[in-house]
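Okay, structure first, notes after.
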Amino acid sequence: MKGLPTITLILIGLLCALFIYVAEDIPVFGDPNSPPIKYVKLFSIDADALEDPLNRGVIPNNLMDEFERRGFPGPSRVEKVTGMEGEWNTFVSKEEMHYSKEEKYYWIKKEGDKLRVYRYAFVVRWIEKGQEETGTPNMVTYGLADYRGYDTLGETAVIFTAGVSVILLLRRRGRL
Amino acid sequence: MKGKEAERSIIVETVSRVMIPFIQLFSLYVIIHGASGPGGGFQGGVVFGSSFVLYVVVFDIIGGRKRLPESVNTVLSSLGLYIYAGLGLLCIILSSGVAQYLNYGFLPFTPHFEENRALSIEFVEMGIGITVMAIMVSIFFDLAWKEKNRKGREK
């Protein structure tokens, strides 16, 4: 028992260090291009002779093979990001009832003599396609009630359970 | 001891008599405008429940219970959750074999998939609002009753 304050102090110090370490990794607030908000890096590939077909809207065969080798879904269409040189959006076709038939999936960027392939985060679809898919202008509301409907149903159930528990514990008048 | 009541202020009573309907109206505004502005079911429900809390604080708890009886309160607290989960169940039935739980687009309100989702979001928000309001009020009344009962037994 004597060493307890010392151990606690050491643990608090470690926890503080952990928090500082984590806070260092948080991206700048409001940066629309920060990795957690926009994309995840998948792989990079040599850029030689790939740039021209991409600019013409054709997916080169060895890029396609690379996607298949790594087990990612193969893209169906590619187009240049408007106003940017050396950046391409790649679309993947999907078979979902009532939804758009293709999704903006990969983001290819030329860095040096390599092509970096990124996967767009879900947030990108949330922001760009949300209003068109749900017909609701408020981003928070369609997130809460539609995309994350299961989550909200669970939250409401939690509130309901809390109320019923209070009724069972405190109400002692023989009737509900 | 019995005749000793807390002093009642005529100013507070009059002001809250005027305020309570507007608080309730504002909470309905918050719920209805959840889809197009800031707001939603949780916030609107809590504001609506707070109007009952104000009534009980200013007037008396017996009158508050008469305004919102226990039976109605209990039914309302589960009704909101029923609306929410029931919409999801309707989606399963109406999506005919695809089993899309909580995919509101399959509900036949309008011929358009997106507008069905927009409309159903409103219903879901109302369900959340009803449950949150009823549970808030229910918890408040239970805590407040307990206090009175204990005092009565000590006497």
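The values are calculated or read from the model by the stated rules, or taken from the named source; none is laboratory data. Just so it is clear, the model here is predicted, and its values are computed rather than measured. No Cβ is skipped: glycine too gets one built from the backbone with ideal geometry, and neighbour counts run over all protein chains shown.
In table form, for the structure just shown:
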read-out: Flag if residue B:98 is farther than 30 Å from residue B:9 by Cβ and buried (at least 20 other Cβ atoms within 10 Å of the Cβ); value: no
read-out: Residue A:92 vs. criteria more than 8 Å from chain B (Cβ to nearest Cβ), touching a residue at least 24 places away in the same chain (Cβ under 8 Å), over 26 Å from residue B:35 (Cβ atoms) and of a type in the set (A, V, I, L, M); value: no
read-out: Those residues of region A:133-154 which are within 8 Å of chain B (Cβ to nearest Cβ) and either farther than 14 Å from residue B:122 by Cα or aliphatic (A, V, I, L, M) (or both), in sequence order; value: A:133, A:140, A:144, A:145, A:150, A:153
read-out: Failed condition for residue A:125, given (1) surrounded by 14 or more Cβ atoms within 10 Å (Cβ to Cβ); (2) more than 14 Å from chain B (Cβ to nearest Cβ); (3) over 25 Å from residue B:37 (Cβ atoms); (4) not aromatic (Phe, Trp, Tyr); value: (3)
read-out: Tally of residues being within 20 Å of residue B:129 (Cα to Cα) and either at the interface with another protein chain (Cβ under 8 Å from one of its Cβ atoms) or in contact with a Pro (Cβ under 7 Å, 6 or more places away or on another chain) (or both) across region A:165-176; value: 2
read-out: Criterion (surrounded by 16 or more Cβ atoms within 10 Å (Cβ to Cβ) and either at the interface with chain A (Cβ under 8 Å from one of its Cβ atoms) or at pLDDT 90 or above (or both)) met by exactly one of B:86, B:44, B:37, B:64; value: B:44
read-out: Residue in region B:45-59 that is closer than 16 Å to residue A:144 by Cβ and under 20 Å from the mean Cα position of the chain (by Cα) present; value: yes
read-out: Filter result for residue A:126 (among the aromatic types (Phe, Trp, Tyr), within 30 Å of residue A:45 (Cβ to Cβ) and not assigned by TED's automatic domain parsing to the domain that holds residue A:57); value: yes
read-out: Residue match in region A:32-47 (condition: in the same structural domain as residue A:80 (by TED's automatic domain parsing), under 30 Å from residue A:75 (Cβ atoms) and touching a Leu at 6+ places or on another chain (Cβ under 6 Å)); value: yes
